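All remarks here apply to the structure that follows.
The values are calculated or read from the model by the stated rules, or taken from the named source; none is laboratory data. Just so it is clear, the structure is predicted and the values come from calculations on it, not from any experiment. Please note: Cβ atoms are built from the backbone with ideal geometry, for glycine as well, and neighbour counts cover all protein chains shown. Accessible surface is based on the protein model in full, side chains and every heavy atom, while ligands, DNA and RNA are left aside. Shrake-Rupley method; radii C 1.70, N 1.55, O 1.52, S 1.80 Å.
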Amino acid sequence: MTAWFVLGWWGPDGNVRLVVATADPATLPAKATWYLATDLPRLGSPRAAESPYPPATLAEIVRIYGLRHWVEQSYKQVKDELGWADFQVRSDTAIRRATKPS
């Protein structure tokens, strides 16, 4: 089961949508429940027209998050293969921001 929920200013039509994907909505078991946050707008949302991203259903959000593990695992394997396992791969802006004196 998948559902959206509201927490403070986060909700189905806010800048950040909160989604719960679970195998058991009655007990929300820790090993079978995902709490997700996304900036993808809801279908039919007032934000859908102004968002740079296409609207997404709850099922699509869960599918995308399900791919995350495989993307990160593949990235790790590529870094290991190239000998970059001990290095951080960050953008030029992030490196400059991290080394900027206070």
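How about segment 42-61: which of its residues are closer than 13 Å to Pro12 by Cβ and either out of contact with any Asp or Glu (no Cβ under 8 Å at 6 or more places or on another chain) or polar (S, T, N, Q) (or both)? Working first, answer last.
Restricting attention to segment 42-61, the residues satisfying the condition of being closer than 13 Å to Pro12 by Cβ are 42-48, 55-58, 61.
Matches in segment 42-61: Leu43, Gly44, Ser45, Ala48, Pro55, Ala56, Thr57, Leu58, Ile61.
Residue-wise test of (1) outside any helix (DSSP H, G or I); (2) closer than 28 Å to Trp34 by Cα; (3) open to solvent by less than 100 Å² (accessible area, probe 1.4 Å).
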{"site": "Pro54", "(1), (2), (3)": "yes, yes, yes"}
{"site": "Arg63", "(1), (2), (3)": "no, yes, no"}
{"site": "Arg68", "(1), (2), (3)": "no, yes, no"}
{"site": "Gln73", "(1), (2), (3)": "no, yes, yes"}
{"site": "Glu81", "(1), (2), (3)": "no, no, no"}
{"site": "Ala85", "(1), (2), (3)": "yes, no, yes"}
{"site": "Thr93", "(1), (2), (3)": "no, no, yes"}
{"site": "Arg96", "(1), (2), (3)": "no, no, no"}
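Taking segment 43-102 on its own, how many of its residues are modelled with pLDDT of 85 or more and of a type in the set (Phe, Trp, Tyr)?
Result for segment 43-102: 4.
Out of all the residues in segment 30-45, which are surrounded by 11 or more Cβ atoms within 10 Å (Cβ to Cβ) and part of a loop (DSSP other than H, G, I, E, B)? Lay out the reasoning, then the answer.
Of all residues in segment 30-45, those surrounded by 11 or more Cβ atoms within 10 Å (Cβ to Cβ) come to 32-43, 45.
Listed by number, the residues that qualify are Asp39, Leu40, Pro41, Arg42, Leu43, Ser45.
Inspect all residues belonging to segment 15-23 and state whether any of them is part of a loop (DSSP other than H, G, I, E, B) and crowded, with 16+ Cβ neighbours inside 10 Å.
Pass one, segment 15-23, residues part of a loop (DSSP other than H, G, I, E, B): 15-16, 23.
From the residues that got through so far, the ones that are crowded, with 16+ Cβ neighbours inside 10 Å too are none.
No, that holds for no residue.
Hey, Glu50 hits all of (1) open to solvent by 70 Å² or more (accessible area, probe 1.4 Å); (2) under 23 Å from His69 (Cα atoms); (3) not aliphatic (A, V, I, L, M) but one; which does it fall short on?
Evaluating Glu50 over (1) open to solvent by 70 Å² or more (accessible area, probe 1.4 Å); (2) under 23 Å from His69 (Cα atoms); (3) not aliphatic (A, V, I, L, M) leaves (2) as the failure.
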